[in-house]
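For reference, the structure is listed below as structure tokens.
The values are calculated or read from the model by the stated rules, or taken from the named source; none is laboratory data. All figures in this text were calculated on a predicted structure; none of them were measured in a lab. Ideal geometry is used to build each Cβ from the backbone, glycine not excepted, and the neighbour counts take in all protein chains shown. Protein only, heavy atoms only, side chains kept; ligands, DNA and RNA dropped before computing areas. Shrake-Rupley method; radii C 1.70, N 1.55, O 1.52, S 1.80 Å.
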Amino acid sequence: MLEIRDLSLHYGPHLALDRISVAVGRGETVVMLGANGAGKSSLLKAAAGLVRPDPGADIRFAGADIAGRPAHLVLEAGIALVPEGRGVFGDLTVEENLALGAYARRARAHGRASRELVYGLFPKLADRRRQFVNTMSGGEQQMVAIGRALMSKPDLLMLDEPSLGLAPVVVGELFAALGRVRESGLALLIVEQNVKMSLSIADRGYLLEAGRIVGEDTAAGLMNDDAVKRAFLGAT
Ligand code: ATP
């Protein structure tokens with residue numbers, strides 16, 4: 001469904017992505033692993049239309065050419081991004097944040113149904129729908145960010161480090177919810193430092209190193225890969 005070929009990205013003279021090719025199938029969950037600075041966020045931002053790739057990149061979503069399209073049109077095509085650091089509006093309530101997620105044309109008519117779906121997924125948010133988001137815990141704010149992205153009725157949800165800074169028990173809750181999102185048929189592309197947790201809900205994954213894809217395997221394959229174990233799973 002998402003097909004990226006020959007994606008390169010420069011920030012000035014700095015080459016952040018070097019002819020990357022990545023694919024996510026319909027309903028598939030794919031994890032992007034890599035050390036700090038490998039280019040994981042840049043990849044998601046380029047796919048979401050937040051940074052412009054170098055000329056020659058081929059990015060297709062459900063057959064449509066989306067390379068270089070602005071973010072609001074990528075959103076209309078069915079890709080939603082939950083950015084690193086969440087990007088929620090702290091001085092608005094949960095319900096107001098969710099409403100802002102439904103402004104895409106493809107989503108407007110479905111606001112109420114999508115909201116109930118989000119509250120079903122995250123019952124904690126339903127109990128706090130009128131609470132200001134800046135009074136909520138990090139985990140709850142991440143739920144708001146994911147809920148807001150879901151309000152746009154995406155076919156592909158991309159998440160940049162959703163577990164960053166959260167306590168282990170909260171991370172478990174979050175990934176359980178993402179597992180349910182996956183079961184609902186959405187495709188997921190997840191950038192995560194929590195390799196064990198993310199591979200546990202994934203079908204496949206890629207290894208990104210200094211802007212290049214250096215490995216690709218099934219989730220089970222990556223879990224047993226010596227390089228992955230050494231780099232990310234604490235094995236010696
Ligand atoms: P992290 O997990 O630390 O966010 P990452 O794998 O997501 O890392 P990116 O944020 O995509 O990596 O960054 C890739 C490279 O591009 C890094 O060397 C980074 O310093 C550089 N970079 C990222 N954003 C910019 C920018 N706006 N201007 C200049 N260089 C940038």
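Those residues that are of a type in the set (D, E, K, R), open to solvent by 60 Å² or more (accessible area, probe 1.4 Å) and more than 20 Å from Asn36 (Cβ to Cβ), I need them from the stretch 188-216; list them, please.
Keep residues of the stretch 188-216 that are of a type in the set (D, E, K, R), which gives 192, 196, 203-204, 209, 212, 216.
When the remaining residues are screened for being open to solvent by 60 Å² or more (accessible area, probe 1.4 Å), the result is 196, 209, 212, 216.
Scanning the stretch 188-216 gives a single hit, Glu216.
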Next on the checklist: For the stretch 143-157, give me each residue that is touching a residue at least 60 places away in the same chain (Cβ under 8 Å) and of a type outside the set (A, V, I, L, M).
Outcome noted: Arg148, Ser152, Lys153, Pro154, Asp155
Checklist outcome for this item: Given (1) open to solvent by less than 30 Å² (accessible area, probe 1.4 Å); (2) under 26 Å from Asp225 (Cβ atoms); (3) within 15 Å of the ligand (Cβ to nearest atom), Thr29 misses just (3)
Checklist outcome for this item: Over the stretch 100-118, the set of residues surrounded by fewer than 16 Cβ atoms within 10 Å (Cβ to Cβ) and either without any contact (Cβ under 8 Å) to a residue 40 or more places away in the chain or over 25 Å from Leu164 (Cα atoms) (or both) is Tyr103, Arg105, Arg106, Arg108, Ala109, His110, Arg112, Ala113, Glu116
Next on the checklist: If I go through the stretch 112-131 residue by residue, how many of them are under 23 Å from Lys196 (Cα atoms) and in a helix (DSSP H, G or I)?
Outcome noted: 1
Checklist outcome for this item: Residue pairs within 6 Å by beta carbon, gap of at least six or interchain, first lying in the stretch 1-13 and under 15 Å from Ala64 (Cβ atoms), second open to solvent by 80 Å² or more (accessible area, probe 1.4 Å), listed first then second, are Met1/Arg26; Glu3/Arg60
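Go through the stretch 62-84 and report how many residues are farther than 22 Å from Ile201 by Cβ and either open to solvent by less than 10 Å² (accessible area, probe 1.4 Å) or within 13 Å of the ligand (Cβ to nearest atom) (or both). Spell out how you get there, then give the answer.
First pass over the stretch 62-84, keeping only residues farther than 22 Å from Ile201 by Cβ: 62-77.
When the remaining residues are screened for being either open to solvent by less than 10 Å² (accessible area, probe 1.4 Å) or within 13 Å of the ligand (Cβ to nearest atom) (or both), the result is 66, 74.
The number of residues fulfilling the criteria is 2.
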Item to check | Criterion violated by Asp54 - all others in (1) acidic (Asp, Glu); (2) within 16 Å of the ligand (Cβ to nearest atom); (3) exposed (fewer than 15 other Cβ atoms within 10 Å of the Cβ) satisfied | outcome: (3)
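How many residues does the stretch 46-63 hold that are among the charged types (D, E, K, R) and touching a Pro at 6+ places or on another chain (Cβ under 8 Å)? It would help to see each step written out before you state the result.
Residues of the stretch 46-63 among the charged types (D, E, K, R): 52, 54, 58, 60.
From the residues that got through so far, the ones that are touching a Pro at 6+ places or on another chain (Cβ under 8 Å) too are none.
Number satisfying all stated conditions: 0.
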Next on the checklist: Looking at Ala149, Ala167, Ala235, can you tell me which residue is over 15 Å from Met32 (Cβ atoms) and at pLDDT 95 or above?
Outcome noted: Ala149
Checklist entry - Just one of Ala35, Ala47 is aliphatic (A, V, I, L, M), in a helix (DSSP H, G or I) and within 13 Å of the ligand (Cβ to nearest atom); which is it? => result Ala47
